[in-house]
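Q: Next up is a structure, given as structure tokens.
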Amino acid sequence: MPWHGQGAYAVWLSEIILQQTRFEQGLPYYLKFIESFPSVNDLANAPSERVMQLWQGLGYYSRARNLHKAAQTIRDEFGGVFPNTYEAILSLTGIGPYSAAAIASFAFGLPHAVVDGNVYRVLGRIYGIETAIDSTKGKKEFQALADTLLDPKLPGDFNQAIMNFGATHCTPQQPKCETCPFNKECSAYLTERVQTLPYKEKKIKLKQRFLHFILLESDSHIIVQERRGKDIWQGLYTLPMLELSDDRLALDNDWKGFFKTQGWTGFRGELALIGEESQLLSHQKLKMRFYRAAMPDTFVGQYGIAKEQAASYGYPKTIAAFLQKKKGSAS
DNA sequence: TAACCGTGGCA
DNA sequence: TTGCCAAGGTT
């Protein structure tokens, strides 16, 4: 790394730039900054417009503002010398526990263990830790474990090594367990929990959708529609579907508008709610309601297909179950 | 504690 | 193409 052995200022700069940022993406920015501001005082004395301009395109712009502010704090309160204790480093704006430990260990050889996303993953898997990493309890537990494991003689090397291992070997997806030096003792590997560890408390936010299906049928015919486009169930068939943005019943007016979009005219029948189902998909929570109406005679030839033919199509699980149940109750 | 902050690589 | 998510920290 170009900041290796270049002092605390260079290490700090690199850590802030690389927060939540890939090395390849951050590297050009580090080079620009270290060239434009060779010392912390150069950075502190620079106009904020210049700092923001150099940061442009890197994202998370509060990092640049905090960086500039911290440089001025170092100039004004630390005599222009980068602080050399963990607590003092941590007190600077924009520096949290991770960055403070990284700078303390890399620049000053202080025994503070870093805990970043890589460390959570490596330790969580090897030790089989189920505690959620986004909980207060989990953060304490992982920090304590990392502090215990840290080699106090070579804290910088230890920290760099564990992060590197996480980034290149114990990766989030498709980790190289077959060639992993820990695969004889890794709890997650031995118990097939590699995919589920480390565990996060916050569940993926499921998008809630409200889908309404209408069973338009005569004795012999029914209307089904193929799913097209990028949405769920592509290529499968469903009953004609109306989606609403909130949790309420579809009213006559909703269906009227829907029929219009379908180009269906002449419908006069009564609509009745005949069923409700919920289904959980990987990223969607579906609330499905089923309605029924008699198919107008004019629809049969135009839009309907024979029920025998409809039986040969593929349907989403819940739709198929509904149709099966309906068929059973009718006969 | 939870929401928010930006961008680019990748499956 | 869309959504995940990557060397976190602040409010």
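The values are calculated or read from the model by the stated rules, or taken from the named source; none is laboratory data. This one's a predicted model, so the numbers in the text were calculated from it and none came from an experiment. Backbone-built Cβ (ideal geometry, glycine too); neighbour counts: all protein chains shown. Side chains included, ligands, DNA and RNA excluded: accessible areas come from the protein's heavy atoms. Shrake-Rupley method; radii C 1.70, N 1.55, O 1.52, S 1.80 Å.
Q: Only four residue types carry charge here, +1 at the Cβ of Lys and Arg and -1 at the Cβ of Asp and Glu. Report the dipole size of the range A:139-226 about the Cα centre in Debye, rounded to the nearest 20.
A: That gives the range A:139-226 a dipole magnitude of about 400 debye.
Q: Here's something else I'd like to know. Given a 1.4 angstrom probe, what's the average accessible area per residue across chain A, in square angstrom?
A: Computed with neighbouring chains in place, this is 56 Å² per residue.
Q: Now, a different point. How much of the accessible area of the range A:50-161, in percent, comes from carbon and sulfur atoms when a 1.4 Å probe is used?
A: Carbon and sulfur: 53 percent of the exposed surface of the range A:50-161.
Q: When 1/r is averaged over all different Cα pairs and the result inverted, which Kirkwood radius in Å belongs to chain A?
A: With all distinct Cα pairs of chain A included, I get 25.1 Å.
Q: How large, in percent, is the carbon and sulfur part of the accessible surface of the range A:249-315 at a probe radius of 1.4 Å?
A: The C+S portion of the solvent-accessible surface of the range A:249-315 is 50 percent.
Q: Please list, ordered by chain and number, the residues whose modelled amide H lies under 5 Å from the amide H of A:Tyr199; skip anything fewer than 5 residues away on the same chain.
A: Close amide H contacts, sequence-distant or interchain: A:Ile133.
Q: Under 5 Å between amide H atoms, partner at least 5 residues away or on a different chain: which partners does A:Tyr291 have, H built in plane at 1.01 Å?
A: A:Phe213, A:Ile214, A:Leu215, A:Ile274
Q: Could you sort A:3-15, A:74-86, A:302-314 so that the peptide with the highest average Cβ count within 10 Å comes first and the rest follow in order?
A: My ranking of the peptides, most packed first, is A:3-15, A:74-86, A:302-314.
Q: So between A:Lys325 and A:Ile305, what do we pick up on full extension, going 0.36 nm a residue minus the alpha carbon distance?
A: This chain segment gains 5.3 nm when fully extended.
Q: Here is a further query. Could you pull out the pairs from A:Lys32/A:Lys137; A:Lys285/A:Lys326; A:Lys176/A:Lys200; A:Lys137/A:Lys287; A:Lys200/A:Lys325 whose alpha carbons sit more than 30 Å apart here?
A: A:Lys32/A:Lys137; A:Lys137/A:Lys287; A:Lys200/A:Lys325
Q: Further question on the same structure: With labels modelled as points extended 7 Å from the Cα through the Cβ direction, what inter-label distance (nm, one decimal) is found for A:Ser312 paired with A:Glu277?
A: 2.3 nm
Q: Estimate the FRET efficiency between A:Lys287 and A:Leu27 by the formula 1/(1 + (r/R0)^6), using the beta-carbon distance for r and 41 Å for R0, to the nearest 0.05.
A: Efficiency computed from Cβ-Cβ geometry: 0.30.
Q: Could I ask something else about it? How would you order A:135-145, A:107-117 from highest to lowest mean count of nearby Cβ atoms within 10 Å?
A: A:107-117, A:135-145
Q: How much of the DSSP bridge set in the range A:207-330 is antiparallel, in percent, rounded to the nearest 5?
A: The answer is about 60 percent antiparallel.
Q: Further question: Got a sec to turn the phi values of the range A:114-128 into Karplus ³J(HN,Hα) couplings, 6.51 cos²θ - 1.76 cosθ + 1.60 with θ = phi - 60°, whole Hz, x for Gly and Pro?
A: So the Karplus estimates, Gly and Pro as x, are 7, 10, 10, x, 5, 5, 3, 6, 5, 5, x, 7, 4, 8, x Hz.
Q: Right, another one. Using θ = phi - 60° and the Karplus relation 6.51 cos²θ - 1.76 cosθ + 1.60, list the HN-Hα couplings for the range A:236-241 in order, rounded to whole Hz, with x at every Gly or Pro.
A: 8, 10, 9, 5, x, 10
Q: Still on this structure: Please give the peptides A:190-198, A:40-48 ranked by average Cβ packing (other Cβ atoms within 10 Å per residue), highest first, as a rough proxy for protection.
A: A:40-48, A:190-198
Q: Using 0.36 nm per residue, how much length does the chain from A:Thr191 to A:Lys176 gain when fully extended, once their Cα-Cα distance is taken away?
A: 3.8 nm
Q: Starting from the Cα of A:Lys137, step 7 Å along the direction of its Cβ; do the same at A:Asp151; then give the gap between the two resulting points in nm.
A: 3.4 nm
Q: Dipole size in debye (nearest 20) for the range A:1-112 around its Cα centre, Lys and Arg Cβ +1, Asp and Glu Cβ -1?
A: That gives the range A:1-112 a dipole magnitude of about 200 debye.
Q: Another question about this same structure. What is the sum of charges, Lys and Arg at +1 and Asp and Glu at -1, for the other residues whose Cβ falls under 9 Å from the Cβ of A:Lys287?
A: Result for the neighbourhood of A:Lys287: 0.
Q: Something else: State log₁₀ I(q)/I(0) for the range A:207-330 at q = 0.09, 0.14, 0.15, 0.17 Å⁻¹ as given by the Debye formula over alpha-carbon point scatterers of equal weight, solvent excluded.
A: Listed by q, the Debye log ratios stand at -0.23, -0.59, -0.68, -0.90.
Q: Hey, another quick one. Per-residue HN-Hα couplings for the range A:307-324, Karplus 6.51 cos²θ - 1.76 cosθ + 1.60 at θ = phi - 60°, whole Hz, x for Gly and Pro?
A: Once rounded to whole Hz, the list reads 4, 4, 5, 4, 5, 8, 8, x, 10, x, 3, 5, 5, 4, 5, 5, 5, 5.
Q: Take the Cβ-Cβ distance between A:Lys260 and A:Val81 as r, set R0 to 51 Å, and report the resulting FRET efficiency rounded to the nearest 0.05.
A: The pair A:Lys260/A:Val81 has a calculated efficiency of 0.10.
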